[in-house]
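All remarks here apply to the structure that follows.
The values are calculated or read from the model by the stated rules, or taken from the named source; none is laboratory data. Please read these numbers as outputs of a predicted model, since none were measured by experiment. FYI the Cβ positions are ideal-geometry reconstructions off the backbone, even for glycines, and counts take in every protein chain you see. Heavy atoms of the whole protein, side chains included, go into the accessibility calculation; ligands, DNA and RNA do not. Shrake-Rupley method; radii C 1.70, N 1.55, O 1.52, S 1.80 Å.
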Amino acid sequence: MNERVPVIPMLWRQTRAQNRAFWRVPIGAFFTLGLPLIMLVLFVALFGNDTLDSTYGNIKTAQFYAPGLAVFAAASATYTNIGMNLSMRRDEGILKRVRGTPLPPWIYLAGVVLSGVWIALVSTVVMMGIGVFAYDVNIEAAKMPAAALSFLVGTITFALLGVALAAVAKSASAAPGIANSTILPLAFVSQVFISLGESRDVPGWLNLVGNIFPLKHFALSFGQAMSPFSKAPAFEWGHLGVMAIWAAIGGLVAWRKFGWDPVPGASSRRARRANRAAVG
Amino acid sequence: MAAAIEVRDLVKTYGPARAVDGVSFSIDEGEVFAFLGPNGAGKTTTIEILEGHRERTSGEVSVLGFDPATGGRKMRDRFGIVLQSSGIDRELTVREVLDLYRSAYTHRRPVDEVIGMVGLEGKADDRVATLSGGQKRRVDLALGLVGDPDLIFLDEPTTGFDPGARRRSWELIDNLAGLGRTVVLTTHYLDEAEHLANRVAVLNGGRIVAAGTPAELRDAASTETSITFRLPTVDSPLGDLLGSLTGRVTGRSREIEIVTPAPTADLAHITSWAVRRGIELEGLTVSKGDLEDAYLGLLADEQTDVE
Ligand SMILES: Nc1ncnc2c1ncn2[C@@H]1O[C@H](COP(=O)(O)OP(=O)(O)OP(=O)(O)O)[C@@H](O)[C@H]1O
Ligand SMILES: [Mg+2]
């Protein structure tokens, strides 16, 4: 057998297959993409899309909602989606099957990560696109490289954290709980839903929590690239740096702890009960 | 012939339980080798250690010259693995799944050929989620074949197959063996083991309690022959016949069975008795116990040994 692995074609196939599988489950696509969109529509409906007069010209409030929600959608598409999908596939024995083939395991996981990044890209583009066309959001070409870099670092970070989540969650029934109980509270202290919140009175400890975890740094770095107040090119190296540290942590946990076989007895309570009934 | 698999003193413990308790065997290249044994005997544990899916507690294992615990990609490229139970990507079609898994192997069978081999032509473009249980199992089998493996592990491959599908998969496995591929399988179907396997090993409680060709096991276990026939009427007078037979007689209304260590003499008694009385014995058969009888006898002995 040829020692060299055809990495690119294999990676491409894996990524494409993961993508197909994702888009063919409407409910998953809805939660990842649809929910943040609904929130954008709701925010505008509830809080209005007022025009702020400033020295920077006419700015709509949606200018601040849309990037925050795009970041939220991107984090769902990677962290939540990958964490849940991988642990589900492990419970079903699909990962064990994969492990029995000569496919290098890292290529499988890289395919999962890349597909998450792609889904996040679609979500972000749709979110910002709707912002631009429906709510008069402005996008400045000069800041797009910064937006792209923030997006890339952010989605890779959250994708790796998604793999780490699946590594820590023992079963598919544990994964959604862990995912939601981490990402949702964090979203409220991470400038995701309230991008104008910087100046408001946020308790110090909440600020600290926000600053420790990567979501706020994703939101702020992406938000700066979309903000009318920032100066081009708007690269936010500090925020990117914190995310890179979290990417390393996620990668490390995934590398040390990721298991491919279903964990016996860890699946849902129902399965445990069924097992007990079968044995006793 | 070279050994494809060599195993010495294999042990696998889970806590205090010994799932595999000192097992040794060797399987030749081109051989079809079957593991039999009751639920929990250690068949899956053994086969998954050979596949590299589980780590052994102790013992020596060599599979195609590799240690399965460290064999890696090169080794897996020559394996075809059908697990006892494992999911398939539900959202993809049969063709997409085969194409995806196939792409990881160096030697590949054409997707359409494999679909034909397992008889899924009509379902090639259907999503896996929509398949019936037996059809999914055929996809499992197909996935074990796409890499054109030298060594195929089949853990209860035909469970859930209809009789036609089972026959076809027997043909398939026979063909693979004909091409010199090595097949290791587990099954609860004794006729399957008898039909397919060159040699079988019976596991019980993590140990091999019997091994050999199906014929050897049969001969070792059952020295008795069974004679069955049907009487023309329920009240045919058997009295004078019974006294002359060596075997044990059991009967249910007209159906009579005689299990005997001396079939020739007993058969002569029966036929002469019938001829004398002018009785035609319907469905008269003489048969040696099959592998299933041998197997059940073996496990029954084991049971009494344990207690
Ligand atoms: N991961 C595990 N953890 C603990 N015990 C296990 C584990 N896997 C198997 N066992 C135990 O090891 C023994 C052998 O199991 P194994 O799955 O090998 O049986 P088997 O012969 O394949 O049975 P079946 O015919 O039901 O498939 C059983 O008693 C089982 O409970
Ligand atoms: Mg088993």
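Rounding to the nearest 20 debye, state how big the charge dipole of the protein assembly as shown is about its Cα centre with +1 on each Lys and Arg Cβ and -1 on each Asp and Glu Cβ.
Once rounded to the nearest 20, the dipole reads 2000 debye.
Based on the Cβ-Cβ distance from residue A:46 to residue A:106, what FRET efficiency comes out when R0 is 56 Å, to the nearest 0.05? Kindly include the intermediate steps, with their values, before the conclusion.
On the way: r = 45 Å, r/R0 = 0.80.
Working from the Cβ atoms, E equals 0.80.
Quick one: which residues, 5 or more positions from residue B:35 or on another chain, have an amide H under 5 Å from its amide H? H modelled 1.01 Å from N in the peptide plane, none for Pro or chain starts.
B:185, B:186, B:187, B:201
Distance between the C-alpha centers of segment B:138-202 and segment B:1-64? Whole Å please.
With segment B:138-202 and segment B:1-64 each reduced to a Cα centre, they are spaced 18 Å.
So what's the net charge close to residue A:97: Lys and Arg +1, Asp and Glu -1, counting the other residues with Cβ under 14 Å from its Cβ?
Details: positive: A:89, A:90, A:96, A:99, B:76, B:90, B:102, B:136, B:137; negative: A:91, A:92, A:261, B:48, B:51, B:89, B:140, B:155.
Local net charge: +1.
Rounding to the nearest 20 debye, state how big the charge dipole of chain A is about its Cα centre with +1 on each Lys and Arg Cβ and -1 on each Asp and Glu Cβ.
Working: 23 positive and 11 negative charges, 327 e Å.
Rounded to the nearest 20 debye, it is 1560 debye.
Long-range amide H contacts for residue A:52: which residues qualify at under 5 Å (H placed 1.01 Å from N, peptide plane, sequence gap of 5 or more or a different chain)?
The answer is A:59, A:60, A:61.
With 28 Å as the limit, write out which pairs from A:170/B:12; A:96/A:216; B:43/B:123 have Cα-Cα distances beyond it, or answer none. Mind dumping the intermediate values first?
Working: A:170/B:12 23 Å; A:96/A:216 36 Å; B:43/B:123 32 Å.
Going by Cα-Cα distance, A:96/A:216; B:43/B:123 fall outside the 28 Å limit.
Among rounded, prolate and oblate, which fits segment A:61-107 when a ≥ b ≥ c are the square roots of the eigenvalues of its C-alpha gyration tensor, a/c under 1.5 means rounded, and a/b larger than b/c means prolate? Don't skip to the end; give the middle numbers.
Values: a/c = 7.85, a/b = 3.12, b/c = 2.52.
It is prolate, given that a/c is not under 1.5 and a/b is the larger ratio.
In terms of the Cα gyration tensor, with a ≥ b ≥ c the square roots of its eigenvalues, is segment A:113-208 rounded because a/c is under 1.5, prolate because a/b exceeds b/c, or oblate? Write down the numbers at each step before the final one.
Values: a/c = 2.10, a/b = 1.26, b/c = 1.67.
Because a/c hits 1.5 or more and a/b fails to exceed b/c, segment A:113-208 counts as oblate.
Which value in deg cm²/dmol, rounded to the nearest 500, describes the helix-derived mean residue ellipticity at 222 nm for the protein assembly as shown, given -39,500 (n - 2.57) per DSSP H run of n ≥ 4 and division by the residue count? Working shown, then result.
Working: 24 runs with 299 residues, N = 587.
Computed ellipticity for the protein assembly as shown at 222 nm equals -16000 deg cm²/dmol.
Using 1/(1 + (r/R0)^6) with R0 = 45 angstrom and r between the beta carbons of residue A:232 and residue A:38, what's the FRET efficiency to the nearest 0.05?
Working: r = 32 Å, r/R0 = 0.71.
Here the calculated transfer efficiency is 0.90.
Using the Karplus curve 6.51 cos²θ - 1.76 cosθ + 1.60 with θ = phi - 60°, work out ³J(HN,Hα) for each residue of segment B:53-60 in order, rounded to whole Hz, and write x for Gly and Pro.
Karplus-based 3J(HN,Hα) across segment B:53-60 equals 7, 10, 8, 8, 7, 7, x, 10 Hz.
Assuming R0 = 51 Å, can you tell me the calculated FRET efficiency for the pair residue B:216 and residue B:67, based on Cβ-Cβ distance, to the nearest 0.05?
Working: r = 31 Å, r/R0 = 0.60.
Computed FRET efficiency for residue B:216 and residue B:67: 0.95.
Hey, if you put +1 on the Cβ of every Lys and Arg and -1 on every Asp and Glu Cβ in the protein assembly as shown, which of A:94, B:180, B:86 ends up farthest toward the positive end of that dipole?
Looking along the dipole axis, the top candidate is A:94.
Put a dot 7 Å past each Cα toward the Cβ at residue B:248 and residue A:188; how far apart are the dots in nm?
The two pseudo-label positions are separated by 7.5 nm.
Please give the peptides B:86-93, B:205-212, B:24-31 ranked by average Cβ packing (other Cβ atoms within 10 Å per residue), highest first, as a rough proxy for protection.
Working: B:86-93: 20.0, B:205-212: 17.9, B:24-31: 16.4.
Per-residue mean Cβ counts within 10 Å order the peptides as B:86-93, B:205-212, B:24-31.
Compute the length gained on full extension between residue A:202 and residue A:7: take 0.36 nm times their separation in residues and subtract their Cα-Cα distance, giving the result in nm to one decimal.
This chain segment gains 65.4 nm when fully extended.
Report the antiparallel proportion of the DSSP beta bridges in chain B as a percent, rounded to a multiple of 5.
On the way: 37 of 54 bridges.
The answer is about 70 percent antiparallel.
With each pseudo-label sitting 7 Å past Cα toward Cβ, what's the residue B:121-residue A:27 distance in nm, one decimal?
3.7 nm
Heavy-atom accessible surface, probe 1.4 Å, ligands and DNA/RNA ignored: which residues of segment A:10-26 lose at least 10 Å² versus the isolated chain?
Output list: A:10, A:13, A:14, A:17, A:20, A:21, A:24, A:25.
Give me the angle, in degrees from 0 to 90, between the Cα long axis of helix A:237-257 and the longest principal axis of the Cα atoms of chain A, rounded to the nearest 10.
Value to nearest ten degrees: 10.
At a 10 angstrom cut-off on C-beta neighbours, averaged per residue, how do the peptides B:145-151, A:10-16, B:173-179 rank from highest to lowest? Don't skip to the answer; put the middle values down first.
Working: B:145-151: 22.0, A:10-16: 18.3, B:173-179: 15.1.
The most tightly packed comes first, giving B:145-151, A:10-16, B:173-179.
How much length, in nm to one decimal, is gained on full extension between residue B:198 and residue B:170, taken as 0.36 nm per residue of separation minus their Cα-Cα distance?
Working: separation 28, 0.36 × 28 = 10.08 nm, distance 1.33 nm.
Using 0.36 nm per residue and subtracting the Cα-Cα distance, I get 8.8 nm.
Figure the gain on full extension for residue B:28 and residue B:301 (residue separation times 0.36 nm, minus the Cα-Cα span) and round it to one decimal in nm. Write down the numbers at each step before the final one.
On the way: separation 273, 0.36 × 273 = 98.28 nm, distance 2.94 nm.
Length difference between fully extended and current span is 95.3 nm.
How charged is the neighbourhood of residue B:194? Take every other residue with its Cβ under 9 Å from the Cβ of residue B:194, and add Lys/Arg as +1 and Asp/Glu as -1. Numbers along the way, then the final one.
Details: positive: B:218; negative: B:191, B:192, B:290, B:292.
So the environment of residue B:194 carries a net charge of -3.
Would you report the distance distribution of C-alpha pairs in the protein assembly as shown as whole percents per 10 angstrom bin, up to the bin with the largest distance?
In whole percents, the pair-distance histogram is 3, 14, 20, 18, 14, 11, 8, 5, 3, 2, 1, 0, 0.
Which ³J(HN,Hα) values, rounded to whole Hz and listed in residue order, are derived for segment B:34-44 from phi using the Karplus coefficients 6.51, -1.76 and 1.60 in 6.51 cos²θ - 1.76 cosθ + 1.60 with θ = phi - 60°, glycine and proline given as x?
Residue by residue, segment B:34-44 yields 10, 9, 10, x, x, 4, x, 6, x, 5, 5 Hz.
Rounded if a/c is under 1.5, else prolate if a/b is larger than b/c, else oblate: which is segment B:1-141, with a ≥ b ≥ c the root eigenvalues of its Cα gyration tensor? Present the calculation step by step, with values, prior to reporting the outcome.
Details: a/c = 2.28, a/b = 1.72, b/c = 1.33.
It is prolate, given that a/c is not under 1.5 and a/b is the larger ratio.
If you plug each phi of segment A:221-226 into the Karplus form 6.51 cos²θ - 1.76 cosθ + 1.60 with θ = phi - 60°, what whole-Hz ³J(HN,Hα) values come out, in order, with x for Gly and Pro?
For segment A:221-226, the Karplus curve yields 5, 5, x, 4, 5, 9 Hz.
Please list the non-local residues whose amide H lies under 5 Å from the amide H of residue B:4, H modeled 1.01 Å from N, same-chain partners needing a gap of 5 or more.
For residue B:4, the qualifying residues are B:27, B:28, B:29.
For residue A:148 paired with residue B:106, estimate the spin-label separation in nm (one decimal), with each label point 7 Å from Cα along the Cα-to-Cβ line.
In this crude spin-label approximation the distance works out to 4.0 nm.
At a 1.4 Å probe radius, carbon and sulfur cover how many percent of the accessible area of chain B? Walk me through the numbers before you get to the answer.
Working: 6590 of 13750 Å².
Ligands and nucleic acids excluded, carbon and sulfur reach 48 percent.
Over both sides of the A-B contact, add up the buried accessible area with a 1.4 Å probe and give it to the nearest 100 Å².
Summed over both sides, the interface buries about 2600 Å².
Restricting to the protein assembly as shown, what percent of DSSP beta bridges are antiparallel, rounded to 5?
70 percent
Working from Cα positions, state the angle (0 to 90°, nearest 10) between the long axis of helix B:163-178 and the longest principal axis of chain B.
Once rounded, one gets 70 degrees.
Alpha carbon centre of segment A:147-183 versus segment A:59-73: separation in Å?
First find each Cα centre; the distance between them is then 21 Å.
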